[in-house]
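A short reminder: the numbers here are calculations on the coordinates, not readings from a lab. Quick caveat: nothing in here was measured; it's all calculated off a predicted structure. No Cβ is skipped: glycine too gets one built from the backbone with ideal geometry, and neighbour counts run over all protein chains shown.
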Amino acid sequence: MEFIRYGSKKEFLKNNLHILLKDEAKNEIMIGILMEHHERKIKKWFLGRIEDNGRVEAIFLVDDDKEGLLLYAPHGKLTDEVAEFLVNTLVKHDVNLEEVLATKEMARKIAKLYVRKTKRKMLESEYKYIFKFTEFKDKYLLKTDEKVEKIEEEIEMKTLKELIREMYLYTYNGKECPDEEARKIAKIFIKKGLYVLRNEEKEIVCQAVTVRKQVNGCAIGGVVTLKKHRGQGYAKRCVYALCEQLLENGCKFIVLHVSPQNESAISAYEKIGFERIDETEKIKFL
């Protein structure tokens, strides 16, 4: 078995992007963060792949922000031998992991080996379903005078921060989002691609974000409706209208990640035309 390490984003993409693109919807996180970050920053990351007799068994990276391992097995499964070789490679190169994100089976396999070899402990884990848009099913057309628009500048920041706070409460189990943090996240969303739904009174009531750049498609996240406007179908109509725009603009796929506990969101996305294609697990270490 052979470990190949890449010293630059350019080199990594030249040798691996065509493989990742064969399953782009499942690899959109890895592709997205590579596309978003500058070469100078990615040089600090640990980029590599593992081959066995010339066959690519695993492609991976460890970023320097979260010290998180992102992993893809082109053949759909990570054997015990490849998993152990990968963990041994990380340990040999003194790569410190704070978390691992991969399909459920692979993440669990890597985490168990990493804990055994480093004496670290698993702190917590988080499951997400990957949903990919296939075709429109039920129609959720905008009502008269409703509009989905892209926010290009820092306007109506008070409302945008309110949306961020509500998203934050759900994402972090009731934890409050400080005002400056909400402003910072709003600015990031605007830069990435922040879309809002305005109701008949021209109020911003719902948002959705194109969270990561892709080669052929798009990932949606940050979907939230202001609490006082919930129960009126705004999120469904916002996501439906955004999908229409993205497809018209040439997106070949649209993907989003949903917590298994968020049954209402899962039901809404399935009615729009999304289908579950995989399940991931993020495991954090103590």
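Under the rule of -39500 (n - 2.57) per DSSP H run of 4 or more residues, summed and divided by the residues of the chain, what mean residue ellipticity at 222 nm is obtained, to the nearest 500 deg cm²/dmol?
-11500 deg cm²/dmol
Of all beta bridges DSSP finds with both residues in the chain, what is the antiparallel percent, to the nearest 5? Don't skip to the answer; put the middle values down first.
Values: 51 of 57 bridges.
Restricted to the chain, the bridges split so that about 90 percent are antiparallel.
Place a +1 charge on the Cβ of each Lys and Arg in the stretch 147-279 and a -1 charge on the Cβ of each Asp and Glu, then give the dipole magnitude about the Cα centre in debye, rounded to the nearest 20.
Details: 23 positive and 21 negative charges, 21 e Å.
That gives the stretch 147-279 a dipole magnitude of about 100 debye.
Contact order normalised by length for the stretch 147-279, with contacts defined as Cα pairs under 8 Å and 6 or more residues apart; what percent is it? Don't skip to the end; give the middle numbers.
On the way: 175 pairs, mean separation 27.1, N = 133.
Relative contact order, the stretch 147-279: 20 percent.
Express the relative contact order of the stretch 2-120 as a whole percentage, based on alpha carbon pairs under 8 Å and six or more residues apart in sequence.
On the way: 143 pairs, mean separation 25.0, N = 119.
After rounding, I find 21 percent.
Projected onto the charge dipole of the chain (+1 at Lys/Arg Cβ, -1 at Asp/Glu Cβ, origin at the Cα centre), which of LEU160, LEU197, LEU17 gives the Cα projection farthest towards the positive end?
Value: LEU17.
Tell me which aspartates and glutamates have Cα within less than 14 Å of LYS252's Cα, excluding those fewer than 8 residues away on the same chain?
LYS252 reaches ASP23, GLU24, GLU28, GLU135, GLU244.
For the chain, give the magnitude of the charge dipole about the Cα centre (Cβ charges: +1 Lys/Arg, -1 Asp/Glu; no others), in debye to the nearest 20. Don't skip to the answer; put the middle values down first.
On the way: 54 positive and 49 negative charges, 82 e Å.
It works out to roughly 400 debye.
Just list whichever of LYS228/LYS282; LYS10/LYS132; LYS14/LYS104 have alpha carbons separated by over 30 Å in the model shown. Write down the numbers at each step before the final one.
On the way: LYS228/LYS282 32 Å; LYS10/LYS132 28 Å; LYS14/LYS104 28 Å.
In this structure, LYS228/LYS282 exceed 30 Å between Cα atoms.
Counting alpha carbon pairs within less than 8 Å and at least 6 residues apart, what relative contact order, in whole percent, applies to the chain? Display every interim value, and only then the final one.
Details: 492 pairs, mean separation 67.3, N = 286.
Relative contact order, the chain: 24 percent.
Once you've got the Cα coordinates, tell me which of LYS9/LYS187; LYS41/LYS213; LYS227/LYS284 are over 19 Å apart. Display every interim value, and only then the final one.
Details: LYS9/LYS187 26 Å; LYS41/LYS213 17 Å; LYS227/LYS284 31 Å.
The pairs that break the limit, which is 19 Å between Cα atoms, are LYS9/LYS187; LYS227/LYS284.
Work from the charge dipole of the chain (Cβ charges, +1 for Lys and Arg, -1 for Asp and Glu, about the Cα centre) and give the residue of VAL224, LEU69, GLN245 farthest towards its positive end.
LEU69
Among ILE188, ILE42, ILE29, which one moves the most in a GNM of the chain with springs linking Cα atoms closer than 10 Å?
Looking only at ILE188, ILE42, ILE29, the largest GNM fluctuation is found for ILE188.
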